[in-house]
Structures are given as structure tokens and as C-alpha cells.
Amino acid sequence: MYRKLPLRRQLLALGAAAAMAMPLAALAQAQHDGSAAKPLRVVLIPADGGTEDGTKKDFQPIFSAMEQATGLKFDLKVGQSYAAVVEAMCNGAADIAWYGPASYLQAKGRGCAELLALAVNRGESVYYSGVFARAGSGIEKLADLRGKRVALGDINSTSSFNVPVAMMIEDGLNPARDLGVINMAGTHANVLKALSEGLVDAGGASFDSFEKAVNAKAIDPSKVKVIAKSAPIPYPPLAIHPKVDPAIKAKLRQAFNNVDKLPGISKDQIRGYGGGRVDGYTAEVSEADMAKAGKMFELVTDQVKQDIVKKASSR
């Protein structure tokens, strides 16, 4: 029988395996200084269903170029889940992390993250979430999701869970009550795969992920339609632990502001969310803008999340 747990305990459980794998001494140590003996530990969210090696490959050129420019050393790892990345940062096992906006705000709320940099593409640092439906499903708008099979991503994902759910609630839907079946697919890629294979009628994912799936011919765009598109969302941010030395923070911010001009990296190697090419990064970031973005999913309370997880587990 499903036993309703406080969401914080659910999130801790999701990250427990990764956290337990780290030596207790590592969890308790001070933030690293970027020396060869104590490289800055970078933990990345497992984005868009990509492999651990693939996600590291996307970001390694940026940090290799920054090593050349700043003399700082980095150790890159990929977390097993969004929650595991939050826990690594808040347990002192990471100095820098790449989050989705919702995960970042969780870590910021616990006092263990501040903004470091955002990707920039075509002069903007935003992306979009959406709800997509199969052509021929009879779904034209969010209200038509009643009784339908819907796929969502990781419970801590901004654009494959929190924003799609918030858009449903704003439109008068109670996802746990009104949707026919909820499939917690885990990643954007899995949501879109379930949609393309006809396993669900609709799903929540980012437009970046949708474009990536179309380009990879993993989904036929003629068989899928957009039924809702979100307001702009700040790109998934790179964040740094507040206890990292201020001089190191300043050096990193300067390097990110100029990453497209650093030696040792080509423009094609500058990657962002889901491995997509971006023009560069900016350290001119606003905590107020990120907090404003958080208003988009304030409707997605702990209770809403628990009810959705319960509904999904009852299939």
C-alpha cells in the first residue's frame, strides 16, 4: 500500500544512494580551493536522458578551457538524479552544480547554492516548457487532458514536471484526480519516446528536448502537436556553493563571461542544457529573476507532488 511521506523525505530517499556512496569524511569537508590536490567538484544533473559519459563530454571542453584560463582544477561528475545533485551540494560534497531552475531554488532555499552563470543563446538565457499531444488523440487544449494518459519527467525537473503540472493547475485541472493515467517517465527523452510510441496521449517536456528528439529522428513532428507553451524560463543555471572563496568565485565569473573567447575551445564545443550548442555564458545573473521564475510552479505543492506520485504508482 502507498504510504504518504513528506516530500522532503522522498527527495532525500532519491538521493540517498549517491550520497551514501561518498565517504562521510568527504561530506563533512570544507569547500575545495581548485588546487590539484583539492579540485573544484562539479556535479551535473543527468539531463534529457543523456548518458553519464555524454553529459560529461558536453561540459568537459568548457571546464578544460577554464582550467587553462584560470589555473583552477575541476573534477566533473554526473548525479544519479536531480535530488542527488541537490544533496551533493548541500552535504558539502560539491562546489559547483548544474541544476534545473526548480532544483536550484531547492538548494538555494537550503542555503547551499548561489547563481554562477547561465548559458546564452541568440542573446537570451531562457528556454520553454510545453505540453505535447499525439495527433489524432482528440487533445487540442489542456482541458482535453481529462481522462487521458499523460507522461511526466523527474519530480524535480522544471520543464518536464513542475511547469507542465503548474500549467494544468492554472487551467483548472487537478492532475491526480483528472488525468486518466500518469506515467512518471523520468526524463524528457523518455516522455517523448512514450508519446512517439503511442504509450501515452500527451506529455510534458522542454522545447529544447523536443527539438533535439526531432533532429535525432526519434520523434515525427507531424504526429505530435503543441497544446501549451510556458512563459520564458531561465536556462538551467550553473551554481556555486556560498562557502567557496570569493576570489575563486570572481575568477570563475570572469572566465564564464568570456568562455567563447578562451583558448582551447571552439564555438561548437560550447554546450548547454541537454548538450545543445549555445553562444556562450553570462555571469550577469539575477537571483530576483530566478525567484520570479519560481512563481511559475508555486502551485505545485508538496501535496500535489505526493498525489501525482501516488496516482502514477497505482497503475
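The values are calculated or read from the model by the stated rules, or taken from the named source; none is laboratory data. What you see is a predicted model, and the numbers here were worked out from it, not measured in a lab. Because the Cβ atoms are built from the backbone with ideal geometry, glycine has one as well, and the counts that use them run over all protein chains shown. With ligands, DNA and RNA removed, areas are computed over all heavy atoms of the protein, side chains included. Shrake-Rupley method; radii C 1.70, N 1.55, O 1.52, S 1.80 Å.
About the centre of its Cα atoms, region 167-230 shows a dipole size close to 180 debye [charges on the beta carbon of Lys, Arg (+1) and Asp, Glu (-1) only; nearest 20 debye]. One Cα centroid belongs to region 259-301, the other to region 189-234; the line between them spans 21 Å. Projecting the Cα atoms of LEU199, SER159, THR55 onto the dipole axis of the chain, where Lys and Arg carry +1 and Asp and Glu carry -1 at the beta carbon, places LEU199 farthest toward the positive end. Each residue, LYS261 and ALA291, gets one label point 7 Å from its Cα in the Cβ direction; the gap between the two is 3.2 nm.
In plain terms, the chain from THR282 to LYS249 could stretch by 10.5 nm, reckoned as 0.36 nm per residue minus the Cα-Cα distance.
The slack between LYS223 and ALA30, meaning 0.36 nm per residue of separation minus the straight C-alpha distance, is 64.3 nm.
Its convex hull of Cα atoms gives region 168-224 a direction-averaged projected area, equal to a quarter of the hull surface, of 4.3 nm².
Within region 98-221, DSSP assigns beta bridges of which about 50% are antiparallel (rounded to the nearest 5). Farthest towards the positive end of the charge dipole of the chain, among the residues HIS32, ALA185, TYR281, is the Cα of ALA185, using unit charges on the Cβ of Lys, Arg, Asp and Glu.
Solvent exposure of region 127-260, expressed per residue, is 38 Å² of accessible area, with all protein chains present and a 1.4 angstrom probe. For region 164-272, the share of accessible area belonging to carbon and sulfur comes to 52 percent (1.4 Å probe, ligands and nucleic acids excluded). Can you give the longest stretch of the chain with no exposed loop site, where a site means GluC sites (Glu not before Pro) in a DSSP loop (not H, G, I, E or B) with at most 10 other C-beta atoms within 10 Å? The answer is 1-139. Round to the nearest 10 and give me the degree value, 0 to 90, for the angle of helix 302-313's Cα axis relative to the longest principal axis of the chain. With both axes taken from Cα atoms, the answer is about 60 degrees. Measuring r between the beta carbons of VAL126 and ASP171 and using R0 = 30 Å, the FRET efficiency lands at 0.85. Placing unit charges on the Cβ atoms only, positive for Lys and Arg and negative for Asp and Glu, gives the chain a dipole magnitude near 620 debye about its Cα centre.
Here region 109-180 is treated with +1 on each Lys and Arg Cβ and -1 on each Asp and Glu Cβ, and its dipole about the Cα centre works out to around 240 debye. Report summary: the helix-based calculation at 222 nm, which adds -39500 (n - 2.57) for every DSSP H run with n ≥ 4 and divides by the residues of the chain, gives -11000 deg cm²/dmol.
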